[in-house]
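Undergrad: Before I ask anything, let me first share the structure, which is written out below as structure tokens.
Any read-out appearing in this document is the output of simple, stated calculations on the displayed coordinates, not a laboratory observation. In this text, all values refer to a predicted model and were calculated from it rather than measured experimentally. Here Cβ is always computed from backbone atoms with ideal geometry, including for glycine, and neighbour counts include all displayed protein chains.
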Amino acid sequence: MHIPDGFLNAGTSAVTGAVSVGAVGYGLYRARKELDEKRVPLLALCAAFVFAAQMLNFPVAGGTSGHFLGGVLAAVLLGPWLGSLVIALVLLVQALGFADGGVTALGANVFNMALVGTVLSYFVFAGFKALLPRNRASFLGAVAAASWLSVMLASGACAVELAVSGTSPLGVALPAMLGVHAIIGIGEALITTAVVAVVLQVRPDLVGSWDLASSGGYALETTGVS
Amino acid sequence: MQHSFLDSYSGLDSPLRRLDPRAKLAGLFIFVLLCVTTPPNLYVAFAAYLVLELMLLFLSRLPWRHVAARVLVVLPFILAVALFLPFFKKGGGSYNLGPLSVSGHGLLVLWNVAAKSTLSVLAVILLSSTTPFADLVKGMRKMRVPELLTSLLSFTYRYIFVLTDEAQRMRRARDSRGWKGRWLWQARTVGHMVATLFLRSYERGERVYAAMLARGYDGSLPMVYGYSFGDAEWAFVCLVVLAPLAARVLSYGLLAV
């Protein structure tokens, strides 16, 4: 889903670029406020973690494979804005360091994956969470549903941008993108839910959006220095 | 250490490697902008862009096999998104290719995205393979990118190698126990691996943070910038901006004749 250079027209690149610069700026502002500016290594480790996790491919069907996106995971663990900053960092490193995703399409990629796939999907998750009964199973259910939707929403946004740019007609691109990503989304949902479940068990203090009483688990106090 | 494929040549000495990263960042970004905004029917201009890039590639002394392999990363996207276009788009006349009919307009769009994405990815590879990422980030900091963002970037890049190592160790352990990723429900195994990776990374981050505090870290990193923006840098920026611009104007003129 990393759009290379040349697939988008100037208008689409400029608009998504402006929105993304604003969002990254706001993410940095929130990071300064919430992380007292010094816990940079932790945020960077989360970004490196998403990068490394994206290198683990999982099978889809018929020999194709999808990889993990991580937007909902980052948002559920760190909150929507820090989560989106983390995903934007991953995209920035991929575009500049590894030529994965174009530099003029960076705005669109950040828009699709760090805004639609992370911030918007976090609010979808929060909506599900508010509607469902307050227990562990429905928390994980909300995580799973939001992760599946996040992949669909992000790939849908990608198809719309390609159509607006006159690259591929919406009638062909949208069903094709959504069809493939409906399957990739299942993998995303399984992985995100498994990760959140394990982290809830071991370090419930790290799941930022978990507001129920924690059930056991142990907490390693390694951050007692300040 | 099996991740050397990630960043293998940025230490190679060459005239391009010695340039101030700011010149390469700004120059190649403007080059990509010029490239993606060129109308697709200015074929001479695209040929000139390619010649310019091959010249820079020669100057960079990068092995061409390595570069070619990395250019191929855009191929899946072109295949997935654009290859069907000639068969679906309408207009611009049509050609017959066996039983299939190919539209001229669709072919032009396919050429447009294939040429621009390949040329742009080559430009980015020229940038990233001749500049160590740490120097790239320092250049960005000199260009007044917020320090929080640049330090996040350099930490992220540093940790990517640590975590990729960790992930590869886990994958090797999994595969040596006979795991075959064939079915969708096996994503559960990947989920557990990712969870373990997250916990190990986070706790490593906590330890690193504590260690940095113990060494007097106060939120800013001192920087030594070993480059200066001199004549070579100006020459480089002029070359990668003016040459494509001239080619574009010339190509437009040829088209009008």
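Undergrad: Could you tell me which residue out of A:Val199, A:Ser155, A:Leu96 lies farthest along the dipole of chain A toward its positive end? Charges go on the beta carbon: Lys and Arg +1, Asp and Glu -1, centred on the Cα centre.
TA: Going by the charge dipole, the pick is A:Val199.
Undergrad: Compute the Rg/Rh shape ratio of chain A: radius of gyration over Kirkwood radius, all on alpha-carbon atoms. Intermediate results must be reported in sequence, preceding the final value.
TA: Numbers: Rg = 17.5 Å, Rh = 18.0 Å.
With Rh from the inverse mean 1/r over Cα pairs, Rg/Rh is 0.97.
Undergrad: Give me the dipole magnitude in Debye, nearest 20, for chain A about the Cα centre, with unit charges on the beta carbon: positive for Lys and Arg, negative for Asp and Glu.
TA: Values: 9 positive and 10 negative charges, 75 e Å.
Its charge dipole is roughly 360 debye.
Undergrad: Given R₀ = 25 Å, FRET efficiency for B:Asp13-B:Ala47 by Cβ-Cβ distance, to 0.05?
TA: Working: r = 30 Å, r/R0 = 1.21.
My answer for the efficiency is 0.25.
Undergrad: Further, regarding this structure: Just round it to a whole percent: the fraction of Cα-Cα distances in chain B exceeding 24 Å. Before the final figure, lay out each step's value.
TA: On the way: 20925 of 32896 pairs.
Summing the P(r) of chain B above 24 Å gives 64 percent of all pairs.
Undergrad: Here's something else I'd like to know. In Å and whole numbers, how far do the C-alpha atoms of the stretch B:8-154 stretch along each principal axis, longest first?
TA: The Cα atoms of the stretch B:8-154 stretch 55, 32, 25 Å along the principal axes, largest first.
Undergrad: I need to check one value: relative contact order of the stretch A:10-206, counting alpha carbon pairs closer than 8 Å and at least 6 residues apart, in percent.
TA: Once normalised by length, the contact order is 23 percent.
Undergrad: Taking 1 over the mean of 1/r across every pair of different Cα atoms in the stretch B:145-214, what Kirkwood radius in Å do you get? Don't jump to the answer; show the numbers that get you there.
TA: Values: mean 1/r = 0.0708 Å⁻¹.
By the Kirkwood definition, the hydrodynamic radius is 14.1 Å.
Undergrad: Follow-up. What is the magnitude of the charge dipole of the protein assembly as shown about its Cα centre, with +1 placed on the Cβ of each Lys and Arg, -1 on the Cβ of each Asp and Glu, and no other charges, expressed in debye to the nearest 20?
TA: Numbers: 37 positive and 24 negative charges, 127 e Å.
Computed charge dipole of the protein assembly as shown: roughly 620 debye.
Undergrad: In nm, to one decimal, how far is the modelled label at B:Leu108 from the one at B:Leu239, with both set 7 Å along Cα→Cβ?
TA: Using points 7 Å along Cα→Cβ, the separation is 3.4 nm.
Undergrad: On a full-extension model of 0.36 nm per residue, what is the gain between B:Leu54 and B:Leu83, subtracting their alpha-carbon distance, rounded to one decimal in nm?
TA: 7.8 nm
Undergrad: Using alpha carbon centroids, what distance separates the stretch A:88-130 and the stretch A:6-38, in Å?
TA: 10
Undergrad: Something else: May I ask you to derive the FRET efficiency for A:Ala10 and A:Leu140 from their Cβ-Cβ distance with R0 = 35 Å, giving the value to the nearest 0.05?
TA: 0.20
Undergrad: Between B:Ile30 and B:Ala69, what is the label-point separation in nm under the 7 Å Cα-to-beta-carbon projection?
TA: 3.4
Undergrad: Taking square-rooted eigenvalues a ≥ b ≥ c of the alpha carbon gyration tensor, is the protein assembly as shown rounded, prolate or oblate, where a/c under 1.5 means rounded and, failing that, a/b exceeding b/c means prolate? Don't jump to the answer; show the numbers that get you there.
TA: Values: a/c = 1.95, a/b = 1.30, b/c = 1.49.
Oblate, since a/c reaches 1.5 and b/c is not below a/b.
Undergrad: Can you give the calculated 222 nm mean residue ellipticity of the protein assembly as shown, where each DSSP H run of n ≥ 4 adds -39,500 (n - 2.57) and the sum is split over every residue, rounded to the nearest 500 deg cm²/dmol? It would help to have the intermediate numbers written out before the result.
TA: Numbers: 18 runs with 317 residues, N = 483.
Calculated mean residue ellipticity at 222 nm is -22000 deg cm²/dmol.
Undergrad: If neighbour count is taken as other Cβ atoms inside 10 Å, put B:Asp20, B:Asp231, B:Asp165 in order from fewest to most. Intermediate results must be reported in sequence, preceding the final value.
TA: Numbers: B:Asp20 22, B:Asp231 7, B:Asp165 14.
Listing B:Asp20, B:Asp231, B:Asp165 from fewest to most nearby Cβ atoms yields B:Asp231, B:Asp165, B:Asp20.
Undergrad: Taking the Cα centre of the stretch B:145-214 as origin and charging only Cβ (+1 Lys, Arg; -1 Asp, Glu), how large is the dipole, in debye to the nearest 20? Could you put the intermediate results ahead of the total?
TA: Working: 12 positive and 6 negative charges, 116 e Å.
Magnitude of the dipole: close to 560 debye.
Undergrad: Explain nothing, just the number: relative contact order of chain B, from Cα pairs under 8 Å at least 6 residues apart, as a whole percent.
TA: On the way: 210 pairs, mean separation 92.0, N = 257.
Over chain B, the number comes to 36 percent.
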